[in-house]
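The values are calculated or read from the model by the stated rules, or taken from the named source; none is laboratory data. Everything quoted here is computed from the prediction, not taken from an experiment. Positions of Cβ are backbone-derived with ideal geometry, glycine not excepted, and every protein chain shown enters the neighbour counts.
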Amino acid sequence: MSTPFYVSPQQAMADRAEYARKGIARGRSLVVLQYADGIVFVGENPSRALHKFSEIYDRIGFAAAGKYNEYENLRIGGVRYADLRGYTYDRDDVTARGLANVYAQTLGTIFSSAAEKPYEVELVVAEVGATAAGDQIYRLPHDGSIVDEHGSVAVGGNAEQISTFLDQRHRDGMTLSEALKLAVQALSNQTNGADREIPADRLEVAVLDRTRSQQRKFKRIRGRQLERLLEPVVAAEAQADAVSNDEAPEESA
Amino acid sequence: MDFLGSHSPEMLPGNRKLPEGIVEAPHGTTIVAATFPGGVVLAGDRRATMGNMIAQRDIEKVFPADEYSAVGIAGTAGLAVEMVKLFQLELEHFEKVEGATLSLEGKANRLSTMIRGNLGMAMQGLAVVPLFAGWDEGREKGRIFSYDVTGGRSEEHGFAATGSGSIFARGSMKKLYRPDLTEEEATTLVVQALYDAADDDSATGGPDLARRIFPIVTVITDEGFRRLTEDESSALARSVTEHRLEQPDGPRAALL
């Protein structure tokens, strides 16, 4: 029988964190922004079957970056938690804070237990309030901590860069179209400076819209509606392209 | 529901220990439904009775099951409301987990299983007999399903009624129903049927003009579920009542 090497707890945790971070970084980033009438989720997702964003309950939405099978499991767990709570007590008794705590417990337990590998996921749980002041956005990194976010949040691959970009430009009371354009701009912003354009059919967009008359505020935005909301930005980007084209020959010259 | 069954089985109606003897509890009475090209209407009166007594004058017995279907309940009110709540939960849960809605047939079958689960209670006099109506997106039409106590499900074409006043409501609709009704005519038809049911069945409540309690009328079309507003249903009930002042038995059908 081989004698295991001694590994200090600090080192073990650091290794696990590193492992989880790498797993998350492989996934594409996504952003969650507050806008005047609610919260918008935007991410690049070529697949139309596998969703990154989904509805948990009336006012609560879920976004995840990382390994699909792991966050899908967490999502279903969240839906169950919320539905059971809502059925046992009342629909108003299901809150994002409660759900975030459950997720934090799950992630934290798996992260610090010795046997299994940590979850390679980073989650966002958002709840839309009756007014913008009542909106709540929680970010849950792989290690089970909870970060209470305001305005904008990015998770996944180059989250840090994107959130810096968003922090500088996001302001309260943006319209949906403005917020959406900003989000797409943030996602297309690359580290090497070469911006690429993400076509509308590769975007996954969902909103928690407090003005929706139904009890369930979650709604996916796709197809024509998405194109309409993005339209002016396409024109603006075309202009930007034209400008950069003008500049390009000078640089090469 | 399967999850609920394994997680906290005591919350499911079917798993409870049956009470001994006969329990007297409020009963809901008449529910009617009728299809029209482009949708289906489902309506119910507002009375709940307990034996000879009126237990509640303004009970609500028609509920949206999800965006494209509704369920109206007759029978033991408490159990029925719980069943509807569980049914709504299940449809919503399925939709969120699977990312797609159940087919109308699927929903109807699910309700059937739930009623069957209640058979033990039904044997003690606590039956729940709903009427389920919805918009079938595949076939692009409104459909109605009726149930019996054992969970037997049957699709009704045109119109249907359940509950103590259903015999009279059905007779009324039989004479008034036409397949080419407009949405407005269909809502009038169900209010007429409820009026006739209330006329002959003591357990069914008619429009209460003094207390402003009017039948609940809901319409399901391809745009989804819509409940007529207080103003709309009161206008409808008032016009039916006014015509009845001249013709107490309601509109006459042709003799031949």
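Selection over region B:121-159 of residues that are over 20 Å from B:ARG178 (Cα atoms), over 15 Å from the mean Cα position of the chain (by Cα), surrounded by 14 or more Cβ atoms within 10 Å (Cβ to Cβ) and not polar (S, T, N, Q) gives a count of 6.
Scanning region A:76-115 for residues that are surrounded by fewer than 16 Cβ atoms within 10 Å (Cβ to Cβ), away from chain B (no Cβ under 12 Å) and within 13 Å of A:ASP58 (Cβ to Cβ) returns A:ASP92, A:ASP93.
The set of residues in region B:204-253 being under 21 Å from B:ALA55 (Cα atoms), under 20 Å from the mean Cα position of the chain (by Cα) and either among the charged types (D, E, K, R) or buried (at least 21 other Cβ atoms within 10 Å of the Cβ) (or both) consists of B:THR204, B:GLY205, B:GLY206, B:PRO207, B:ASP208, B:PHE214, B:PRO215, B:ILE216. The C-beta contact set for region B:201-212 (first residue at pLDDT 90 or above, second residue aromatic (Phe, Trp, Tyr), distance under 9 angstrom, 6+ apart or interchain) comprises B:ASP201/B:PHE168; B:THR204/B:PHE168; B:GLY206/B:TYR195; B:PRO207/B:TYR195; B:PRO207/B:PHE214; B:ASP208/B:PHE214. Taken as a whole, the condition of being at pLDDT 85 or above, outside any strand (DSSP E or B) and within 14 Å of chain B (Cβ to nearest Cβ) does not apply to A:ARG228. Of everything in region B:173-202 that is within 15 Å of B:GLY250 (Cβ to Cβ), of a type outside the set (Asp, Glu) and more than 17 Å from the chain's Cα centre (by Cα), the residue that is surrounded by the fewest Cβ atoms within 10 Å (Cβ to Cβ) is B:LYS174. For region A:36-73, the tally of residues that are among the hydrophobic types (A, V, I, L, M, F, W, C), in contact (Cβ under 8 Å) with a residue 12 or more places away in the chain and outside any strand (DSSP E or B) stands at 2. Kindly indicate whether any position in region A:43-66 is more than 14 Å from every other protein chain (Cβ to nearest Cβ), touching a Gly at 6+ places or on another chain (Cβ under 6 Å), at pLDDT 85 or above and surrounded by fewer than 21 Cβ atoms within 10 Å (Cβ to Cβ). No, that holds for no residue.
A count restricted to region B:60-102 and to residues that are away from chain A (no Cβ under 14 Å), surrounded by fewer than 22 Cβ atoms within 10 Å (Cβ to Cβ) and over 21 Å from A:GLN214 (Cβ atoms) stands at 2.
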